[in-house]
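My questions will all concern the structure given below.
The values are calculated or read from the model by the stated rules, or taken from the named source; none is laboratory data. Note that the structure is predicted; figures quoted are calculated from it, not measured. For neighbour counting, all protein chains shown are included, and Cβ atoms are generated from backbone atoms with ideal geometry for every residue, glycine included.
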Amino acid sequence: MPNFPGGDRSLHNYIAENTKYPPEAKEQGIEGRVYISFIISPEGKPGEIKVAKGVHPLLDEEAKRVIATMPDWEPGKQRGKSVSVHYTLPINFQLSDKEEVTQEKKETVLH
């Protein structure tokens, strides 16, 4: 499996720290869980970023932006060779007194 620099906790922190709740979505009270699908290439770059299950275009676009700006990963390997790996990450947008963005359990599929 590919590894985010620093591991799963660093991935969680990266998403939480770099996701910005869209002001218009806050004003409209839009919240929910966006599922983003992407591929970590054999070079470790995130690509082919798509919304697997969206909530609202404002939140969907922000979730895609965060994935697109991620640093390179250590690529996945199969039989000693780097391979593409498909990931689906849920990113939860939740309004409260203090807005909160969290990344939950990831799902992976080898290609």
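Within segment 96-111, restricting attention to residues that are assigned to a loop (DSSP other than H, G, I, E, B) and exposed (fewer than 14 other Cβ atoms within 10 Å of the Cβ), which residue is modelled with the lowest pLDDT? Talk me through it step by step, then tell me what you get.
Of segment 96-111, the ones assigned to a loop (DSSP other than H, G, I, E, B) are 96-99, 104-106, 111.
Still in the list and also exposed (fewer than 14 other Cβ atoms within 10 Å of the Cβ): 96-98, 104-105, 111.
Numbers: S96: 79, D97: 61, K98: 55, E104: 55, K105: 51, H111: 43.
Checking each candidate, the answer is H111.
Return the pairs, sorted by first residue and then second, in which the second residue is of a type in the set (S, T, Y), the first residue lies in segment 47-71 and is touching a residue at least 24 places away in the same chain (Cβ under 8 Å), the beta carbons are less than 6 Å apart, and the residues are 6+ apart or on different chains.
Once the first residue is touching a residue at least 24 places away in the same chain (Cβ under 8 Å) and sits in segment 47-71, its partners that are of a type in the set (S, T, Y) give A52/Y35; A52/S37; A52/T88; V66/T19.
What strands (runs of 3 or more DSSP E) lie completely within segment 34-87 and have 3 or more residues being crowded, with 16+ Cβ neighbours inside 10 Å? Give the derivation first.
Details: elements: 46-53, 76-78, 81-83.
The qualifying strands (runs of 3 or more DSSP E) are 46-53.
For segment 1-33: of the residues being assigned to a helix (DSSP H, G or I) and touching a strand residue (DSSP E or B) at 6+ places or on another chain (Cβ under 6 Å), which is surrounded by the fewest Cβ atoms within 10 Å (Cβ to Cβ)? Even if it seems obvious, please write down each step before you answer.
Taking segment 1-33 as the starting set, the residues that turn out to be assigned to a helix (DSSP H, G or I) are 8-18, 23-28.
Subset that is touching a strand residue (DSSP E or B) at 6+ places or on another chain (Cβ under 6 Å): 12, 15-16.
Values: H12: 18, I15: 22, A16: 15.
Restricting to residues being assigned to a helix (DSSP H, G or I) and touching a strand residue (DSSP E or B) at 6+ places or on another chain (Cβ under 6 Å), the top hit is A16.
Here's a follow-up. Taking segment 21-44 only, how many residues are in contact (Cβ under 8 Å) with a residue 60 or more places away in the chain and under 14 Å from L95 (Cβ atoms)? Outline the logic, then answer.
As a first pass, look at segment 21-44 and keep what is in contact (Cβ under 8 Å) with a residue 60 or more places away in the chain: 21, 25-26, 29-33, 39.
So of that shortlist, the ones also under 14 Å from L95 (Cβ atoms) come out as 21, 25-26, 29-33.
Qualifying residue count, segment 21-44: 8.
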